Every structure is written in C-alpha cells, then in structure tokens.
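> Questions regarding the structure given below will be posed in turn.
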Amino acid sequence: MSHDIYVRAHTIQLEQASRKRPAFIADQKCPDYALVFDCESLVTPDQTLTFGFWRFGQRRNGRYVPLEEGILHDDGLRANEINLLHEYARKYKAETAGDGCSRIRVYSRSKFVTEVLGFAIQAGAFIVCFNSGFDLSRIAVDWETAENGGWSLIFSKWRNPRTGEVKPNKYFPRIVVKALNSKTSIIHSTRAPMSERGRKTKKVKLWPSGRFLDVRSVLWGLRNKSYSLRTAAEEFKTQHRKLDHKPTGKVTIPEIRYAREDVACTVDLLNAVIHEFELHPIPIGPDRVFSPASVAKAYLEQLNIGYPSKKVAHAYVQYGIFMQSYYGGRAECRIRNWEVPVLLVDFMSQYPTVNELLNNWSVLTARRVTFPDATAEVRHFLSQITLERCFDPEVWAQFRFFALVEPDDDIFPVRTVYNGATQNIGVNYLTSRGPLWFAGPDIIASILLTGKVPRIRKAIRVVPEGTQTGLGSTNLRGMVAIDARKHSFFKHVIEQRAANESEPALHYWLKILANSGSYGLFVELNPNESDNAKVKVFAGEESFETTSDVIEQPGKWFAPHIGSLITAGGRLLLAMLERCIRDAGGIYLFCDTDSAAIVSTEHRRRIEMPDGAEPITALSRHEVEEIVQRFESLNPYNRDLIPGSILKIHKLNWDENKRPRQLYGYGIAAKRYALYTKTDNDIEIVEPKAHGLGYFYPPKDSAEGWKHETPEWIFEAWDWIISGVLGLKRKQPPWFVRPVMMKLTLSTPHHAFRNIAKGPLTRPNNFMMMPQISRFGYPQDVDPNKCTFITSFSSDRDQWMNSKCINIHDPQSRIYELANEYDGRKAVPKSFFMLLESYQNHPEARPLAKNDPLVLA
C-alpha cells in the first residue's frame, strides 16, 4: 500500500520584523490592589452586556479586602432597568472593609471603563475575572484582530467633530486577548499614550501595561483541573458560593443577587488561589501562570538551569533532524469489535522515568550540548541489541542518538492519511525509497519487533559536555528541598511524591509537577499568525525557503533533542512490553501511550475468535505478573521509597475491597474502548474512553455526587454499546433523541467566520452551539461541503430543537430551523442515537500487519 507520509520540521523566520512584546510588571508577585468584576448578558445570540458587579480591593495581611463595590450597566440599558439597579444600590450597603465606601456605586459601562478599569490599570492592580475573555469582551465597544492572532478589544471611541467619523480612542489602551487553549489566554493592555504630545517637549506619557489575572487559568495551572466557578468554590470551601439560579438575561432582583454573589465568590477564590500559589517560592506572579508547565518552568529557572537553546551552537540542521523524528504517544487497537478478558497494566510516571533512564538531566544541566557523528559506533551498538540488554538500565543512556534509516519492512511510527481524510500516527511496517531520520529508541523498538537491524546511513549522538556553573536550589511548594547540583529533577520529584503520601495536597501537586516538567515544555511551539512571512524550513538535513501565514515561535525551554527522545523512549517501553507478551504466546487488546490491556484470565486458556480467525491465548494472571516483574530492573528510583517494577498492574484490576476481579475489554479503534465487569445478565462499566465523544456538549448533566472524572453519559453510552454487542437487555437513555451539539467559544478571530458581517453575533468570546447535521439532513439550497451551522448557546437541552441557525459560509446569513424530519427547507441534526450507531462502527485505520506494510511513494 503506497502512501505519502508527513514529518515535522523546524522553521525559523527570515527578516523578522521587530515586534514589541507586552511589558509585564514584575516588581511584585501580587500588587497592592485588585479589581474584580463579573458581567451578566442577554441570553440572545449576541450575549450583549446587561449589567455586572465589581469590587475594588486592597491587599491586607495576604488577602484582598474590598474598599469599593459597584454595579456597571450597559450604556443602552432601559431606563426602568437602570432605575432598579439604583434602587437596589440605595437599599443595600456595600460589602466593604470598615474604612471602605459603604455605598454601592452605579456606573454606566463607559464610566466604569474610564473611572474604574482605567484607574486599575494605572494603579498596577490585578484585573480579575473568572473566565476573563468573556467578561472583558462584554465591556468592549469594538474589536479587531491583534498582531499575535488574538483579539484586540477596544473600550473607548470618539467622534471627529469635523468629519463625523467614529474611531477608536487612541488615548485609551486596548486589551489584547490571545487564547492559548480552551482553558487559558495571555492578556495584556497596550501602551497607549495618555495624552497628546507636548508641542515643546515632544514627550508623551504612556499607559502602564495592565496585569490581568484569570482565576480559572490559575486554578488550571495549580491543580491541572478545569473548574467552573461553582466547582472551584466547592473545592476551596469559600465563604460565598454560586447561587442556584438560571440566568434570564433580564435585570431583576434575583439576577442582581446572583451577579453580586458571583463577584463575592470570585474574590474569595482569588484569595484562596493566591494563598496556594504563594506556597511556591518562585518569582513569577499568579497572572503569569497559564498551565502547570508555567509553574514547572519557574522552578527550573529557580534552579538556574540555562535554557537549552543557549547550550547548542548553530543547530538549525540538527533541530530539523530532531523534529523529523518527533512523534507522539503510541495508541492502537489490536482486537476490534470482540469481547476479551483483560488485565490492565501501565508504566509508572512514564515520561519522568524515561528521562531518568536516558539521563536527560545531564543534557539539561550540561555546560553545552553537541551532536557529533556516531555512525560506526551506532551501527556496532545496534548489532548487539537484544531484549535482555534493553532491561539493563546502564545501557539506556546509549539510546540518546538519532539515525538516518533506509526503512525496508522495519516497524516505525508513521504519520500519514490512513482513512483517506485525516492525518494520524500509527506504528507500522514501513518501506521507503528515501531515507528518514528516527530517534534511537524507535530504531531499537523496531529491532525488538522485527528481529533485524535497519539499514543505517548515518547517525549522530546527543552528547552533554560538562556541567553548567551556577546551578541552584529551592523548595518545591515550600516543603521539598531540591538542589540541581545533587538531584535529578525528574527522579527527585517522583521520589518525594512517594515520600509524602501522608500529605495529600503535596502528593497530588508533585505528580502534576513531575508530568508538566518532564515533556511538553521541551516541544513547546506557539503559533502566531503572520502575513506571508518568509521562513526557512529545516526537515531532516534538507532546508528550503518559503512563506507562511503561521509562525511557530519556540518556547524558552524548546529542546527537540530531548522531547523527541522522551516520546520515543515511551514507545520503546511499549515495544518491550509487546515483545514480552508475544514471547509468552499472548496478545493485547489495546495500548495507549503508557498502558496496555493484556488478554488475560486467572488461568491460561485459548479464546475463540470470530469469522474463522485463529484462536488467541489468554495469558494467566501469573504470567502477566512475571512480565511485570521483568521491568523491575529498569526502576531508576530509590527502592526504599519506590520498590518493585516500573510496570504496574493497574488498580482497576481490584474491586473496592481490594480483591482481584476479572476485567473485560471491548475495543472499536485506537483510544475508543471500554473496560467492564460482568455478571450472568449484566455488565458494569469500569473505565470508558471518551475519545470521539467528549468534545460534544453533554446531552445530560451527571448526577449529584458523581465521583468519576468522565461524565455519566459516557458511561451510559458505552453500557448501551456493549450490552447490545453481548445481546443483553438494554434500555435506551432518554437523551438519545436529543440533537448532537458542540459548544464553541469564539476565542480567536477564526477565518471560518469571515463571511459573516461583523456584529454582535461575532463578538469575541461569545458562546455558540454547532449542531451536527445528519448525512442527508442538509437543506436543499445548501452545499454540504460549505455548511457549518451555528446557533446561540443554550444549556436548556429541551430547547435545542427550537434553535435558529445560520451557515457561517453564507454571506446572507439566512436563518434555518432544525427539524426531526426532512422537508427540504430545514436541517435535520444527528441525534445521539445516530452518533453512537456510527461511533461503534468506526474503522481502525492504522494497520500493523506484515502483509499490509506502508510504502513511501
């Protein structure tokens, strides 16, 4: 089977124009003042501001204490609604400190912007929201695309008295919001002039750059969890909580109370997260935390580790080699659409463990890193590779190499279009007419799985030279000492996590730190939009110049020579596991990055397969335990703290009383599987995978007290699928009839919306819904290939079928309705029943068969 394959490359921008970076205030981790506000909006598609509350506070004894409290409202709010806000302000006192203002102030949006927001920026205060992008966008009067590809929000305009033209006020700063992902954004204000230049001095005073703190983002960075205001308040046990109230978009007393309590709750959370943040002895402020990796990077800087790019010289070509060799985790399904008994195993802290085995800490702390030719040495080394040698931890440091390979029925990770539609990565037999670069662990994995050494044209090693001077020490979360001169970060954090099991908060956070500081930062690339920028592309050893609309800016800790080796090392561990299972006569149902479900029962036995296929062997539990024990030799940690193997039998294999139980698995495709237990007439889902389902808006809320991270409806969906496969009695959930919807946040100026006229519907950070249309459910006057319907967001699932939709590819923005039956004019959405019917028939499009190799055309 002939395929085009795709590899990553390293790019640098040529003739890079100087771009002013946002200036961030770093004098204080936490400033003396904070402005906290929250906005309510109409429930119509435009989600225009109605009103909101704000509190301006001062930091005293480590807490922000409100000095002023106020209401802001849309400039065009109806008079009776404004009167109701004033009446409320007269009736109730402000919840402020004793020396604060006792009166609730009522400001229009424009007055709030100039007198409160503007003052807060000048004062260097934190400007705080929970989900800042939405609230800042409510008080903006206009918006444009920012240079970095984010939103440039405009808060003030003026009318030219001579021409009557209305333009943005250049003397008031804009606020730029660049979404990094669904959980966090980088926010800064522009350094606008505060007034016109003096005729004599020609000098102008500029606005300071504001400090914006999104409580939701900080929580994500500290806890690696995505919170709502409600769930965050519950977890941190704040004094104020989110009220049980469904917003109506109107100005009523219940709405006013609801909005006021939201701000009070946000102030409580601000104080709680800052208290937790200040446990970390790192110099950055909480407004510079965008993910758990932000904290990990700050600790590496506290240890005075030099940035990897400063330790290599003129490595563009080598970076092209490392990026061509870079692939993600391995995931595949070996047994499709057939129930098998399984025993789930996984590798303990896989990426920190791989880093320690490869001795990547010596690379990170080296005085400099070189990449010398090692062709003869690597050829000789590979000729001596055996499975047994791979279980010798002393050998793993020699796996730090990259080689140019001529694939000929060798097994390698391959990125190609397997299903005729989308690119994906699979581990396959590969034959290529041209050579390709691969990381050392991937080449060794191929040897283990094929029994032959690939043809090596050339090879280079990653060689750390010396140790950098000035390495430092710090205390992790203020409790765990670490010294870069004595400790490997990757090893020490895992060991200290084990040593602090009695401290649940510290134990949990050390896990987050270990994972966030062990991989992603080394392959961080931040895309920025550009206008046909000239770039030079390095792919393997080749290079060429071209233009691009997107520039990938490497992060400070970008080190592809480390990042590529980490994921390759993880794939090698899986290949070693696969070889052990195969040598024992067994097979696995699936593997997924750091885990595998081995076909296993209490006693070894044969299992019949469908359609005349050869029976397979279920290994005994004892045989699996023997395989697990083989990986004990690779344990790089202190055995007093972490005894045993790096391969563990997963806790799901035991019930709540810690008794062994038999799990069963059913796989549809890679990352689409579920594990469950069985009785004679029923099953119980234990571990369902949400891949391919989780991005849809839930058709139901999980029950109160639901203890799983995976939503309840995912469990119900898999129960329905597997019960049907096994011929068990099943009951169709009531949510099956609901239309399938995706929630969309307009977090970036997406090109897909270019046909829609700029207006309230396309206000930045608006929430929308995208109904998923059935295959033959498009209206007659719509081209299915140029149709993406959007509608206003609604959490009222019973009203979804009443949605009014527009097609973002239609300049006329015609309105379409949804319907259960096709009549040529309305759109028929997919139901969740239709979704699951197609889901369970999803093909596995990543072959791994000797008789179906990939051939590079």
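> Determine the relative contact order of the chain: mean sequence separation of Cα pairs under 8 Å and six or more apart, normalised by residue count, in whole percent.
Values: 1776 pairs, mean separation 119.1, N = 857.
With pairs under 8 Å counted, the relative contact order is 14 percent.
> Moving on to the next point. For segment 663-734, with only Lys/Arg (+1) and Asp/Glu (-1) charged at the beta-carbon, what is the dipole magnitude about the Cα centre, in debye rounded to 20? Don't skip to the end; give the middle numbers.
On the way: 9 positive and 10 negative charges, 61 e Å.
For segment 663-734, the charge dipole is close to 300 debye.
> For q values of 0.17, 0.24 Å⁻¹, compute log₁₀ I(q)/I(0) with the Debye formula on a Cα-only model of segment 242-350, without solvent.
-0.99, -1.30
> Please state the relative contact order of segment 302-406 as a whole percent: Cα pairs under 8 Å, 6+ residues apart?
Details: 30 pairs, mean separation 46.2, N = 105.
Taking the mean separation of contacting Cα pairs over the length of segment 302-406, I get 44 percent.
> What is the distance, in nm, between label points placed 7 Å from the Cα along the Cα-to-Cβ direction at Ser813 and at Asp4?
3.7 nm
> I'd like to know which of Thr375, Val342, Leu42 lies farthest towards the positive end of the charge dipole of the chain, counting +1 on Cβ of Lys and Arg and -1 on Cβ of Asp and Glu.
The residue sitting farthest along the positive end of the dipole is Leu42.
> Can you list the lysines whose alpha carbon is less than 17 Å from that of Lys826, not counting same-chain residues fewer than 8 positions off?
By straight Cα distance, Lys826 reaches Lys786, Lys804.
> Round to the nearest 10 and report in Å² the accessible area of Thr422, as given by a 1.4 Å probe over the protein chains' heavy atoms.
Thr422 has an accessible surface of roughly 70 Å² with all protein chains in place.
> Beyond a 22 Å Cα-Cα separation, which of these cross-linked pairs lie in this structure: Lys183/Lys651; Lys700/Lys830; Lys297/Lys743; Lys689/Lys743? Write down the numbers at each step before the final one.
Numbers: Lys183/Lys651 30 Å; Lys700/Lys830 16 Å; Lys297/Lys743 32 Å; Lys689/Lys743 20 Å.
Too far apart for the 22 Å limit: Lys183/Lys651; Lys297/Lys743.
> Return one whole number: the accessible area per residue of segment 82-127 in Å², for a 1.4 Å probe. All intermediate terms of the calculation are to be shown ahead of the outcome.
On the way: 2290 Å² over 46 residues.
Accessible area per residue, segment 82-127: 50 Å².
> Asn83 to Arg582: extension gain in nm, 0.36 nm per residue of separation minus the Cα-Cα distance?
On the way: separation 499, 0.36 × 499 = 179.64 nm, distance 7.67 nm.
The span from Asn83 to Arg582 would gain 172.0 nm if fully extended.
> Note down the accessible area of Trp706, probe 1.4 Å, to the nearest 10 Å².
80 Å²
> Also, quick follow-up: Given +1 on the Cβ of Lys and Arg, -1 on the Cβ of Asp and Glu, and no further charges, what dipole in debye does the chain carry about its Cα centre, rounded to the nearest 20?
Values: 111 positive and 97 negative charges, 591 e Å.
My answer is approximately 2840 debye.
> A further question on this structure: With +1 on each Lys and Arg Cβ and -1 on each Asp and Glu Cβ, and nothing else charged, work out how big the dipole of segment 107-202 is about its Cα centre, in Debye to the nearest 20. Don't skip to the answer; put the middle values down first.
Details: 16 positive and 7 negative charges, 97 e Å.
Dipole about the Cα centre, nearest 20: 460 debye.
> Here's something else I'd like to know. Report the calculated FRET efficiency for Arg336 and Lys29 (r = Cβ-Cβ distance, R0 = 35 Å), to the nearest 0.05. Intermediate results must be reported in sequence, preceding the final value.
Details: r = 53 Å, r/R0 = 1.51.
Efficiency, from the Cβ-Cβ distance: 0.10.
> Work from the charge dipole of segment 33-279 (Cβ charges, +1 for Lys and Arg, -1 for Asp and Glu, about the Cα centre) and give the residue of Thr238, His188, Ile82 farthest towards its positive end.
Sorting the options by dipole projection puts first His188.
> Take Lys729 and Asn532, extend 7 Å from each Cα along the Cα→Cβ direction, and tell me the distance between the two endpoints in nm.
In this crude spin-label approximation the distance works out to 6.9 nm.
> Under the rule of at least 5 residues apart or a separate chain, name every residue whose amide H is placed under 5 Å from the amide H of Val128.
Residues meeting the criterion, in which the H sits 1.01 Å from N, are Leu35, Val36, Phe37, Leu213.
> Working out 0.36 nm times the residue gap between Lys556 and Asp392, then minus their Cα-Cα distance, what length gain in nm do you get to one decimal?
Contour length minus the Cα-Cα distance gives 55.7 nm.
> Right, here's the next one. From the protein chains alone at 1.4 Å, what is the descending order of accessible area for Asp719, Asp262, largest first? All intermediate terms of the calculation are to be shown ahead of the outcome.
Numbers: Asp719 50, Asp262 5 Å².
Output order, biggest surface exposure first: Asp719, Asp262.
> Turning to a different aspect of this structure: Under DSSP H, which helices of the chain have Cα atoms covering 27 Å or more of the helix axis and a Kyte-Doolittle average no less than 0.5? All intermediate terms of the calculation are to be shown ahead of the outcome.
Details: long enough: 253-277 (36 Å, 0.30); 560-583 (34 Å, 0.52).
In the chain, the long hydrophobic H runs are 560-583.
> Then there's this: For Asp783 and Val317, compute 0.36 nm times the residue count separating them, minus their Cα-Cα distance, and round to one decimal in nm. Write down the numbers at each step before the final one.
On the way: separation 466, 0.36 × 466 = 167.76 nm, distance 4.53 nm.
Gain in length upon complete extension: 163.2 nm.
> Starting from the Cα of Lys534, draw a straight line to each of the lysines and keep only those under 28 Å, dropping any in the same chain fewer than 8 residues away.
Lys20, Lys178, Lys310, Lys311, Lys556
> Please work out how much accessible surface Asp594 shows to a 1.4 Å probe, ignoring ligands, DNA and RNA, in Å² rounded to 10.
Ignoring ligands and nucleic acids, Asp594 comes out at about 50 Å².
> Ignoring ligands, DNA and RNA, what percent of the 1.4 Å accessible area of segment 664-751 is carbon and sulfur?
Numbers: 2080 of 4480 Å².
Taking all protein chains in place, segment 664-751 shows 46 percent carbon and sulfur surface.
> Now for a separate question. Just going by the charge dipole of the chain, with Lys and Arg at +1 and Asp and Glu at -1 on Cβ, which of Pro554, Thr601, Tyr519 is farthest out on the positive end?
Of Pro554, Thr601, Tyr519, it is Pro554.
> Would you mind calculating the relative contact order of segment 573-642 from Cα pairs under 8 angstrom and at least 6 residues apart, reporting the percent as a whole number? Intermediate results must be reported in sequence, preceding the final value.
Numbers: 81 pairs, mean separation 17.3, N = 70.
The value is 25 percent.
The values are calculated or read from the model by the stated rules, or taken from the named source; none is laboratory data. Note that the structure is a prediction, hence the values are computed from the model and not measured. For neighbour counting, all protein chains shown are included, and Cβ atoms are generated from backbone atoms with ideal geometry for every residue, glycine included. Just the protein is used for accessible areas: all its heavy atoms, side chains included, with ligands, DNA and RNA removed. Shrake-Rupley method; radii C 1.70, N 1.55, O 1.52, S 1.80 Å.
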